[in-house]
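Some notes on the structure that comes next.
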Amino acid sequence: MPLLPEAETDARLDAILAARPDPVGASSPAGGLWLFAYGALMWRPDFSFAERRPATVRGWHRRFCLWQWRFRGTRANPGLMLALDRGGRCRGLVYRLAGPDPRAALRPVWQREMRGRGYAGRWLTALTPEGPVTALAFVADRTGGRYAGRLTEAEAAERIAAACGHIGPNALYLLNTARACEALGLRDRHLRVLQGLVAERLSERPAET
């Protein structure tokens, strides 16, 4: 899977930080940077954070809509990854990143998510129990080659059940995300339906000997 050069990824980081709007809500600490999580960042954040809250964003929904040719898929047998796509709403988490330097705190996760050419950074208003915050989110880049479009859930389940990459099966990514949502009391119909469809397809496979 072709990756963005590190220098270009850093340039995009500088651009998104320069375009950051004024924080929404008095509850946003001065200088704090919030990040919205809806998939793997809920169960594997891999960054330090000072605070975590449940949050909802409107106008976007969680969907398996990005092809994955690495990690949990291959070129010959691509998997699918989650992204935020337009419409509806999404419940997840927001993290307030730790440390006085927002760029330094954000850079590791930005490099992790953005070098694969599947996402675009976008500032969204996230609604939390303590009030709204301005949060950075990784949304689907609809202009990129990894955007799979609006696959049916049956089509997505076929890919998720079949794909596996060097870090493990695509189905495990779905399972971990669904478990993270359940632990937080978040109900997501898309994940629930896919779990059932993927389980059916896996059960139909012949047992390995």
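The residues listed here are Pro54, Pro2; of these, the one that is open to solvent by 10 Å² or more (accessible area, probe 1.4 Å), touching a residue at least 12 places away in the same chain (Cβ under 8 Å), in a loop (DSSP other than H, G, I, E, B) and of a type outside the set (Val, Ile, Thr) is Pro2.
The set of residues in region 81-119 being among the hydrophobic types (A, V, I, L, M, F, W, C), buried (at least 18 other Cβ atoms within 10 Å of the Cβ) and over 22 Å from Glu182 (Cα atoms) consists of Leu97, Ala105, Leu106, Val109, Trp110, Met114.
Just so you know, in region 174-193 the residues that are in contact with a strand residue (DSSP E or B) (Cβ under 7 Å, 6 or more places away or on another chain) and either of a type in the set (Ser, Thr, Tyr) or closer than 12 Å to Phe64 by Cα (or both) include one that is surrounded by the fewest Cβ atoms within 10 Å (Cβ to Cβ), and it is His190.
Based on this model, can you work out whether Leu127 counts as buried (at least 22 other Cβ atoms within 10 Å of the Cβ) and part of a strand (DSSP E or B)? Considered against the rule, which asks whether it is buried (at least 22 other Cβ atoms within 10 Å of the Cβ) and part of a strand (DSSP E or B), Leu127 comes out as no. Within region 21-43, the set of residues being modelled with pLDDT of 75 or more and surrounded by fewer than 13 Cβ atoms within 10 Å (Cβ to Cβ) comprises Pro21, Asp22.
Inspect all residues belonging to region 188-198 and state whether any of them is polar (S, T, N, Q), modelled with pLDDT of 95 or more and either over 15 Å from Gly73 (Cα atoms) or outside any helix (DSSP H, G or I) (or both). Among the residues of region 188-198, at least one is polar (S, T, N, Q), modelled with pLDDT of 95 or more and either over 15 Å from Gly73 (Cα atoms) or outside any helix (DSSP H, G or I) (or both), which makes the answer yes. Trp67 passes every criterion in (1) within 16 Å of the chain's Cα centre (by Cα); (2) over 17 Å from Ala137 (Cα atoms); (3) of a type in the set (A, V, I, L, M, F, W, C); (4) outside any strand (DSSP E or B) apart from (4).
Residue by residue, here is whether (1) aromatic (Phe, Trp, Tyr); (2) assigned to a strand (DSSP E or B); (3) closer than 15 Å to Ala40 by Cα holds:
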{"site": "Arg72", "(1), (2), (3)": "no, no, yes"}
{"site": "Ala83", "(1), (2), (3)": "no, yes, yes"}
{"site": "Arg96", "(1), (2), (3)": "no, yes, no"}
{"site": "Gly99", "(1), (2), (3)": "no, no, no"}
{"site": "Leu106", "(1), (2), (3)": "no, no, no"}
{"site": "Gly121", "(1), (2), (3)": "no, yes, no"}
{"site": "Val139", "(1), (2), (3)": "no, yes, yes"}
{"site": "Arg150", "(1), (2), (3)": "no, no, no"}
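Please verify whether region 158-180 includes one or more residues that are without any contact (Cβ under 8 Å) to a residue 60 or more places away in the chain and either assigned to a loop (DSSP other than H, G, I, E, B) or of a type in the set (D, E, K, R) (or both). Yes. All of Glu153, Glu204, Glu208 fail the test of being out of contact with any strand residue (DSSP E or B) (no Cβ under 8 Å at 6 or more places or on another chain), modelled with pLDDT of 95 or more and of a type outside the set (Ser, Thr, Tyr), apart from Glu153.
The values are calculated or read from the model by the stated rules, or taken from the named source; none is laboratory data. As the structure is a prediction and not an experimental result, all values here were calculated from the model. Cβ: placed from backbone, ideal geometry, glycine included. Neighbour counts: every protein chain shown. Protein only, heavy atoms only, side chains kept; ligands, DNA and RNA dropped before computing areas. Shrake-Rupley method; radii C 1.70, N 1.55, O 1.52, S 1.80 Å.
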